[in-house]
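**Q** One structure follows; several queries about it will come next.
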Amino acid sequence: MAVKKASKKTITNEQMQQLRVLASALQSRRKFAQGLGTSFEGQRDYYSVLGYHRELTFQDYLNAYERGDIAARIVDAKPESTWRRKPVISNDGDPKTFTPFETAWAALATKRRVFHYLERADKLSGIGEYGVLLIGTSDVRKPDDMKRPMAKLKGPDSILYLNPYRQDSAEIATTDSDTSSERFGLPATYTIDTANENNITRNSKIEVHWSRVIHIAEGLQENDIYGTPRLRPVYNRLDDVNKVAGGSAEVFWQAAKRILVLEAKEDVSAVDDDDSLTEMMDELVHGLRRVIDLEGYEAKTLDTADVHPDEAFRVSLALISSATGIPQRILLGSEQGKMASTQDEVNWNGRIADRQINFAEPVILRAFIDRLVLVGALPKPESDYTITWPSLFETSDKEKAQIGLLKAR
């Protein structure tokens, strides 16, 4: 009987080189993390003393986003302001007439709630290093079809759905290694996990071709794939805020309930030996009992010091505001005086206007429209289309009245 010879898998030179590069990158990252927060040639370690993370993972950012009040505000503030007023897409400059391109785009944007999903994808991309927007199309008949490049489509009705995913749900499976390709170094395929808390399926992971995905990453540095998580620069300050808020709350709790001390008189057993007294004390502290019998004991309360966390909180908040570019008033959602409020709003709107032009338009909106035009889901405009963002610097009715009064005078 013939015996089949076991096949041996060999590693190519290219794969070996990739493994070396990966190992070198991991070693450099580990060495960098070990040196964080140290001074005096490593004799003083601030990170260990202050309890900071040396290496942050996506799960750390996600936990902070889902359970942290200020962390969630940091991630969501810019996307919410960026997409609050929907841009106008036009290719003829005449608001009274609608070209086929404008008509198709308006129908798609309304039917599929395009701007709603663009904002969600923008938010999710800021939790980690990137996020994606999956475009569901009519050319897919079975899950394996997602591996193929997107085929030619027929009109906006060919777009069936849009789904945003976080970095952990859309892992990059392969990248383009062809140095002659215009997509060299960019993702070629993704492994997208379609399962969520309300949709648990056995085979939830599907391989998706890059043409079916809009890759969204902000704060790019050395490459066009991995951006900077919005919480990375301020993660230590968020730890400080948790210490201040949680610590002051605990101190208030301890001070509010007071610490009761029972001093035994002569010839009286200790409290630990008196089961009835111990039970009454537990009911006094944890239950509804308000009166206890202290025969043989003298009750005293320990004085507690007042804690004022305001100053420490303001310092951490100021550093967070400086690093994120989000004014404190907007970060907390509170008014802090007329002049400060107006100036903060002007500065914030300026930042958002820059973000709309330099990030939201080219990386998200225009990339999405160009992809649909390329595959025929939107008709090709006769001339290049323009994206006009509504002004964020609107004058209130009160300010208009004051301007009119000044002109009249």
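The values are calculated or read from the model by the stated rules, or taken from the named source; none is laboratory data. These numbers come from a predicted model, not from an experiment. Glycine also receives a Cβ, built like all others from the backbone with ideal geometry; neighbour counts cover every protein chain displayed. Side chains are part of the model used for accessible areas, which takes the heavy atoms of the whole protein and leaves out ligands, DNA and RNA. Shrake-Rupley method; radii C 1.70, N 1.55, O 1.52, S 1.80 Å.
**Q** Among 82, 99, which is the only one that is touching an Asp or Glu at 6+ places or on another chain (Cβ under 6 Å) and not basic (Lys, Arg)?
**A** 99
**Q** Between a residue in segment 308-328 that is on the phi > 0 side of the Ramachandran plot and any residue that is open to solvent by 90 Å² or more (accessible area, probe 1.4 Å) and assigned to a helix (DSSP H, G or I), which pairs come within a Cβ distance under 9 Å, given they are 6 or more apart or on different chains?
**A** Here the result reads 325/351, each pair linking segment 308-328 to a residue that is open to solvent by 90 Å² or more (accessible area, probe 1.4 Å) and assigned to a helix (DSSP H, G or I).
**Q** Report yes if residue 60 is out of contact with any His (no Cβ under 6 Å at 6 or more places or on another chain), acidic (Asp, Glu) and assigned to a helix (DSSP H, G or I), otherwise no.
**A** When the stated conditions are applied, residue 60 passes them.
**Q** Among (1) farther than 30 Å from residue 118 by Cβ; (2) at pLDDT 80 or above; (3) surrounded by 14 or more Cβ atoms within 10 Å (Cβ to Cβ); (4) not polar (S, T, N, Q), which single condition is residue 262 missing?
**A** Just one mismatch for residue 262, condition (2).
**Q** Sticking with this one: Just a yes or no: is a residue in segment 379-392 in a helix (DSSP H, G or I), surrounded by 13 or more Cβ atoms within 10 Å (Cβ to Cβ) and at pLDDT 85 or above?
**A** No - not one qualifying residue is present in segment 379-392.
**Q** Let me ask something else about it. Assess whether residue 113 counts as being open to solvent by 10 Å² or more (accessible area, probe 1.4 Å) and on the phi > 0 side of the Ramachandran plot.
**A** Taking the combined requirement at face value, the residue satisfies it.
**Q** From 64, 121, 72, 107, which residue is within 30 Å of residue 237 (Cα to Cα), surrounded by fewer than 17 Cβ atoms within 10 Å (Cβ to Cβ) and of a type in the set (A, V, I, L, M)?
**A** 72 is the lone residue from the list that is within 30 Å of residue 237 (Cα to Cα), surrounded by fewer than 17 Cβ atoms within 10 Å (Cβ to Cβ) and of a type in the set (A, V, I, L, M).
**Q** Separate question: Would you mind finding the one in 301, 324, 278 that is open to solvent by less than 70 Å² (accessible area, probe 1.4 Å), modelled with pLDDT under 75 and of a type in the set (S, T, N, Q)?
**A** Going through 301, 324, 278 in turn, just one is open to solvent by less than 70 Å² (accessible area, probe 1.4 Å), modelled with pLDDT under 75 and of a type in the set (S, T, N, Q): 278.
**Q** Can you run down the residue pairs with Cβ atoms below 7 Å, 6 or more apart or on separate chains, where the first is in segment 220-231 and acidic (Asp, Glu) and the partner is outside any loop (DSSP other than H, G, I, E, B) and open to solvent by less than 30 Å² (accessible area, probe 1.4 Å)?
**A** From residues that are acidic (Asp, Glu), there are no pairs.
**Q** Which of the strands (runs of 3 or more DSSP E) found entirely inside segment 131-239 contain at least 3 residues meeting this: among the aliphatic types (A, V, I, L, M) and surrounded by 17 or more Cβ atoms within 10 Å (Cβ to Cβ)?
**A** Per the criteria, 131-137, 213-216.
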